[in-house]
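*Asks:* Sharing a structure below in structure tokens format, with a few things to ask.
Just so you know, all these numbers are worked out from the coordinates, no wet-lab data involved. Values in this document were obtained by computation on a predicted structure and should not be read as measured data. FYI the Cβ positions are ideal-geometry reconstructions off the backbone, even for glycines, and counts take in every protein chain you see.
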């Protein structure tokens, strides 16, 4: 990796470059897009397991106790970056475009959502 300090903030572009460097030096090459999709599905499942056991009613199994949400989310991010890199997607541009789309489409949708208002009112009354 390019002399990147672990604690330093990085841009999405830098993250894509760091992952690409890692793949080329340690991972040898990118897996096929289909294999990456399967890996992404597996990693998202691990996030779901941690969340369901941390915030839901299920208890941790012995072998799951050490799993941390931050690490599992980082696995998802790594896999998304690998998929973007191997398909030539600039995630910074894609995110900007996606947020613009969501802003245009959802400008009033969420502020006018009665269900969200009720949920927020209930949270406020519980405080």
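*Asks:* What order do you get for 73, 116 when you list them from fewest to most C-beta neighbours inside 10 Å?
*Replies:* 116, 73
*Asks:* What value, in deg cm²/dmol to 500, does the helix sum -39500 (n - 2.57) over DSSP H runs of n ≥ 4 give at 222 nm once divided by the residues of the chain?
*Replies:* Calculated at 222 nm, the ellipticity per residue is -21500 deg cm²/dmol.
*Asks:* Give the dimensionless ratio obtained when the Cα radius of gyration of the range 16-74 is divided by 2.2 N^0.38 Å.
*Replies:* Rounded to two decimals, the normalised Rg is 1.40.
*Asks:* Roughly what angle does helix 114-126 make with the longest principal axis of the chain, taking Cα atoms, 0 to 90 degrees, to the nearest 10?
*Replies:* The answer is roughly 80 degrees.
*Asks:* Oh, and also: Could you order peptides 106-115, 12-21, 29-38 by the average number of other Cβ atoms within 10 Å of their residues, highest first? Could the numbers behind the result be given before it?
*Replies:* Values: 106-115: 9.3, 12-21: 16.6, 29-38: 12.9.
Highest mean packing first, the order is 12-21, 29-38, 106-115.
*Asks:* The chain: Rg/Rh from Cα coordinates, Kirkwood Rh?
*Replies:* 1.06
*Asks:* May I pose another question? Assuming 0.36 nm per residue, please report the length gained on full extension of the stretch residue 37 to residue 71 beyond their Cα-Cα distance. It would help to have the intermediate numbers written out before the result.
*Replies:* Details: separation 34, 0.36 × 34 = 12.24 nm, distance 1.87 nm.
Answer, rounded to one decimal: 10.4 nm.
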